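*Asks:* Got a structure for you, questions after.
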Amino acid sequence: MPHPQGGPAPDGSAPDAHGTQPAGPQPAAAAALPFNAPALDGIRRLTALETVRARIGLAVDLGLLAPGERLPPTDRIAAALDVGEITVRRALSTLCQDGVLERRRGRNGGTRVAERPARGVVGAMDSYRAQNSEVHALVDQRLVLECGLAHLAARNADEAALAHLERLADEMDRVPTWAEFHGCDERFHLAVAAATGVPAAAEAYRGVLQQLYRYYLPYPMDALRESNREHRALVDALRAGDTAAAADIARRHVEVLHRTMFVGLLETAEGRGAEPRGTG
C-alpha cells in the first residue's frame, strides 16, 4: 500500500522537497539483493516523484505507451507504482509541461500520451537505463526461485489454492488497464509461492519480486493478456500435479523478461542503432 504523503516514511526517511517519500517499501530481509546494496543506489537516490516521471517517460520512449493512449486514473497508477496519489498527480502534471503527456477536456478527456510525445526529456530515466546488469541479475534470481516454487506447488497445492489462482487469472482477463493487471499479477505469483507450503521459500521470493517490481513499467494490454494465458497453463499443470511442466512454464514465463523488460527493449533498439521505441 502506498504510504501517506507529507510525513516520514515507514522506514523513518524524510520527505523530499516536493513533500514526497522515497518510492516503494523495503523488501523482506531474505531478498538476495537488499535495497541498500550499491547496485541499487541509482534508483534509490530518486524521489518518488522522479521515479513516476522516469517510469512513465521511459514507457513512452519505448513505445509501451502509445501516442494518444489514455492513462488510467491516478489512484490506479499510484497503487501500481506504489507511491502516493498526490505524487502521481504532480508527476503527470510535469510530464504534460514537458510535452510527454497532454490533458484533454470533455467526455473523452483525461491524461493521454501526447500525439507527438517529447522523448528523452526526463533526466531521471538515466538512473533506470544504468541498471542494466542489475535488472538482468534480478530476473535470473526470480527464474531460479520461480521454477522451484512451481515444482513444489505442483506437489503441494490444495484445491483452495488452485481455485484462488483461477479466480486471479479470471480477474486479469477482465481488468481494463495495465495498472489493475499489475496488482493481480503480483497476487497471483505470491499465491503460487504460498501454495508450496514452504513459508521461507515464499518469503525469499517475495523479496526478489518486490525488488524487480521497482522497475515495473506500464505495458501494452495485449502482451499482458498473453502472459495471463501462461498463468492459466501453470494452474493447469499445478492441478495435474505435473512438476516438470509447471517448472518449465515458470521458466519460460520469467526468462522472457530478459527481452521484454525495458532493459531488453533498450538493448534491442540500441543494437539496431536506432532510438529506443520498443514494441508498441
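*Asks:* Can you order the peptides 211-220, 155-164 by their average number of other Cβ atoms within 10 Å per residue, highest first? List each step's numbers first, then the result.
*Replies:* Details: 211-220: 21.1, 155-164: 14.5.
Highest to lowest by the protection proxy: 211-220, 155-164.
*Asks:* Per residue, what accessible area does the range 166-215 have, given a 1.4 Å probe and all protein chains present, in Å²? Numbers along the way, then the final one.
*Replies:* On the way: 1800 Å² over 50 residues.
About 36 Å² of surface per residue is accessible.
*Asks:* Quick one: net charge around Asp248, please, counting Lys, Arg +1 and Asp, Glu -1 for every other residue with C-beta under 13 Å from its C-beta. List each step's numbers first, then the result.
*Replies:* Numbers: positive: Arg251, Arg252; negative: Glu146, Glu230, Asp236, Asp242, Glu255.
So the environment of Asp248 carries a net charge of -3.
*Asks:* Can you find, among Ala153, Leu165, Cys184, the residue sitting farthest towards the positive end of the charge dipole of the range 142-196, where Lys and Arg contribute +1 and Asp and Glu -1 at Cβ?
*Replies:* Of the options given, the answer is Ala153.
The values are calculated or read from the model by the stated rules, or taken from the named source; none is laboratory data. Because the structure is a prediction, the values reported are computed rather than measured. Here Cβ is always computed from backbone atoms with ideal geometry, including for glycine, and neighbour counts include all displayed protein chains. Calculation scope for accessible area: heavy atoms of the full protein, side chains included, ligands and nucleic acids excluded. Shrake-Rupley method; radii C 1.70, N 1.55, O 1.52, S 1.80 Å.
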